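A.B. asks: This structure is in structure tokens; I'll ask about it shortly.
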Amino acid sequence: MLRQKIRTEYRNKRQALSAQQQSTAANNLLTTCLSSTTLAQAKTIACYIANDGEIDPKAIIEYCWQHGKSVLLPVLHPFSKGHLLFVEYHPNSATRKNCYGIEEPIVTTTNLCPLTNIQLILTPLVAFDAQGNRLGMGGGYYDRTLAPIRRDLLSTQLIGLAHNCQQTDILLTDSWDIPLNGIATPEQYFDVG
Ligand SMILES: Nc1nc2c(c(=O)[nH]1)N(C=O)[C@@H](CNc1ccc(C(=O)N[C@@H](CCC(=O)O)C(=O)O)cc1)CN2
Ligand SMILES: Nc1ncnc2c1ncn2[C@@H]1O[C@H](COP(=O)(O)OP(=O)(O)OP(=O)(O)O)[C@@H](O)[C@H]1O
């Protein structure tokens, strides 16, 4: 399947980056994000903990904390298979590793955030194109969870974070794919509306 072939190719590209390249990319990513008004204006922002060579958004999370913004992380839904929950994340949040080895906050009765309260979601991705199409890890987690955005039921903004080497020509899309409003790389911001 073509999608799987592209996924493997682009996972390999990001995994091949050196620690030095990762660190430079992560620092420059914050600068790009700050050039878009979306991050400056949003008060409730979902992000992720880097895994598998993904660009590291740690500096963005720190920036959000310093500027009084509320940060959320995705957590694999404990009952609804293939869906995500978004959970508050603070400097001292208790975390654990999920089944993919990705750190996630422990869900409590008070730290869940409904999708309707999230103004901006910064998504990880494996590959993207300049039209705002996104290829993820293949679990369909973001696509399923964010389906209400596709149906225009939510105004949450979606911005993908990526290394420059994750840009592809044109990605073929499926009916369930949620298009991004923008993509931020260490070099530039693609505004796709
Ligand atoms: N940092 C980060 N957090 C995230 C995601 C992500 O892509 N990145 N997710 C985004 O959905 C969710 C977790 N989904 C994931 C889905 C699959 C695999 C994974 O490693 N899958 C296969 C290989 C996939 C393939 O190449 O076909 C594996 O187990 O090796 C990891 C995370 C929520 N949290
Ligand atoms: N809204 C949805 N409802 C039901 N199934 C879905 C939905 N979105 C995606 N899926 C299923 O999830 C599977 C994986 O989708 P896809 O390859 O687009 O994931 P991805 O975008 O790479 O992953 P992720 O969103 O986790 O980063 C597909 O085979 C599809 O059947």
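Just so you know, all these numbers are worked out from the coordinates, no wet-lab data involved. Note that the structure is predicted; figures quoted are calculated from it, not measured. Here Cβ is always computed from backbone atoms with ideal geometry, including for glycine, and neighbour counts include all displayed protein chains.
A.B. asks: Residues that are over 26 Å from ALA26 (Cβ atoms), among the aromatic types (Phe, Trp, Tyr) and surrounded by fewer than 20 Cβ atoms within 10 Å (Cβ to Cβ): does region 176-186 have at least one? Reasoning before the result, please.
C.D. replies: From region 176-186, those over 26 Å from ALA26 (Cβ atoms) are 176-177; that's our starting set.
Narrowing the set further to residues that are among the aromatic types (Phe, Trp, Tyr) leaves 176.
The next check asks that each one be surrounded by fewer than 20 Cβ atoms within 10 Å (Cβ to Cβ); those that pass are 176.
Yes: one or more hits.
A.B. asks: List, please: which pairs have Cβ atoms under 6 Å, are six or more places apart or on different chains, and start with a residue in region 123-146 that is without any contact (Cβ under 8 Å) to a residue 40 or more places away in the chain and end with one that is in a helix (DSSP H, G or I) and within 10 Å of ligand 1 (Cβ to nearest atom)?
C.D. replies: Qualifying pairs under 6 Å: GLY136/TYR142.
A.B. asks: Which numbered condition in (1) under 28 Å from SER35 (Cβ atoms); (2) out of contact with any Phe, Trp or Tyr (no Cβ under 8 Å at 6 or more places or on another chain); (3) not small (Gly, Ala, Ser) is the only one that ARG134 fails?
C.D. replies: Against the list (1) under 28 Å from SER35 (Cβ atoms); (2) out of contact with any Phe, Trp or Tyr (no Cβ under 8 Å at 6 or more places or on another chain); (3) not small (Gly, Ala, Ser), ARG134 comes up short only on (2).
A.B. asks: Taking the criterion of being surrounded by fewer than 16 Cβ atoms within 10 Å (Cβ to Cβ), closer than 20 Å to PRO179 by Cβ and charged (D, E, K, R), would at least one residue in region 117-137 satisfy it?
C.D. replies: The initial filter retains those residues of region 117-137 that are surrounded by fewer than 16 Cβ atoms within 10 Å (Cβ to Cβ), namely 117, 130-131.
Add one more test, that the residue is closer than 20 Å to PRO179 by Cβ, and what stays is 130-131.
When the remaining residues are screened for being charged (D, E, K, R), the result is none.
The answer is no; no qualifying residue exists.
A.B. asks: Take region 28-82 and flag every residue that is crowded, with 17+ Cβ neighbours inside 10 Å, of a type outside the set (A, V, I, L, M) and within 16 Å of ligand 1 (Cβ to nearest atom).
C.D. replies: Across region 28-82, the qualifying residues are CYS47, TYR48, GLY53, GLU54, ASP56, PRO57, PRO74.
A.B. asks: Scan ALA59, ALA46, ALA19 and give me the residue that is among the aliphatic types (A, V, I, L, M) and either in contact (Cβ under 8 Å) with a residue 60 or more places away in the chain or closer than 19 Å to LEU146 by Cβ (or both).
C.D. replies: Values: ALA59 fails: either in contact (Cβ under 8 Å) with a residue 60 or more places away in the chain or closer than 19 Å to LEU146 by Cβ (or both); ALA19 fails: either in contact (Cβ under 8 Å) with a residue 60 or more places away in the chain or closer than 19 Å to LEU146 by Cβ (or both).
Just one listed residue meets the conditions, ALA46.
A.B. asks: Filter region 150-163 down to residues that are within 13 Å of ligand 2 (Cβ to nearest atom) and crowded, with 20+ Cβ neighbours inside 10 Å and give me whichever is nearest to GLY193 (Cα to Cα).
C.D. replies: That would be LEU158.
A.B. asks: Oh, and also: Consider region 128-149. How many of its residues are within 16 Å of ligand 1 (Cβ to nearest atom), within 23 Å of GLN167 (Cα to Cα) and of a type in the set (Gly, Ala, Ser)?
C.D. replies: 4
A.B. asks: Take the conditions over 16 Å from PHE128 (Cα atoms), surrounded by 19 or more Cβ atoms within 10 Å (Cβ to Cβ) and not aromatic (Phe, Trp, Tyr) and apply them to GLN166. Does it pass?
C.D. replies: Working: over 16 Å from PHE128 (Cα atoms): no; surrounded by 19 or more Cβ atoms within 10 Å (Cβ to Cβ): yes; not aromatic (Phe, Trp, Tyr): yes.
No, not satisfied.
A.B. asks: Among ALA25, ALA40, which is the only one that is part of a helix (DSSP H, G or I) and in contact (Cβ under 8 Å) with a residue 12 or more places away in the chain?
C.D. replies: ALA25
A.B. asks: From ASP174, ASP169, ASP152, which residue is within 16 Å of ligand 1 (Cβ to nearest atom) and over 17 Å from the mean Cα position of the chain (by Cα)? Spell out the reasoning first.
C.D. replies: Working: ASP169 fails: within 16 Å of ligand 1 (Cβ to nearest atom); ASP152 fails: within 16 Å of ligand 1 (Cβ to nearest atom).
Matching residue, one of ASP174, ASP169, ASP152: ASP174.
A.B. asks: Within region 32-54, restricting attention to residues that are within 16 Å of ligand 2 (Cβ to nearest atom) and touching an Asp or Glu at 6+ places or on another chain (Cβ under 8 Å), which residue is nearest to TYR142 (Cα to Cα)? Write out each step before concluding.
C.D. replies: Our first condition is that a residue be within 16 Å of ligand 2 (Cβ to nearest atom); within region 32-54, this holds for 46-54.
Of the ones still in play, those that are also touching an Asp or Glu at 6+ places or on another chain (Cβ under 8 Å) are 48-50.
On the way: TYR48: 12, ILE49: 15, ALA50: 16 Å.
Looking at residues that are within 16 Å of ligand 2 (Cβ to nearest atom) and touching an Asp or Glu at 6+ places or on another chain (Cβ under 8 Å), I get TYR48.
A.B. asks: Right, another one. Looking at region 110-127, which of its residues are within 13 Å of ligand 1 (Cβ to nearest atom) and touching a strand residue (DSSP E or B) at 6+ places or on another chain (Cβ under 6 Å)? Working first, answer last.
C.D. replies: Of all residues in region 110-127, those within 13 Å of ligand 1 (Cβ to nearest atom) come to 121-127.
Once the filter is applied, which keeps residues that are within 13 Å of ligand 1 (Cβ to nearest atom) and touching a strand residue (DSSP E or B) at 6+ places or on another chain (Cβ under 6 Å), region 110-127 yields ILE121, LEU122, THR123, LEU125, VAL126, ALA127.
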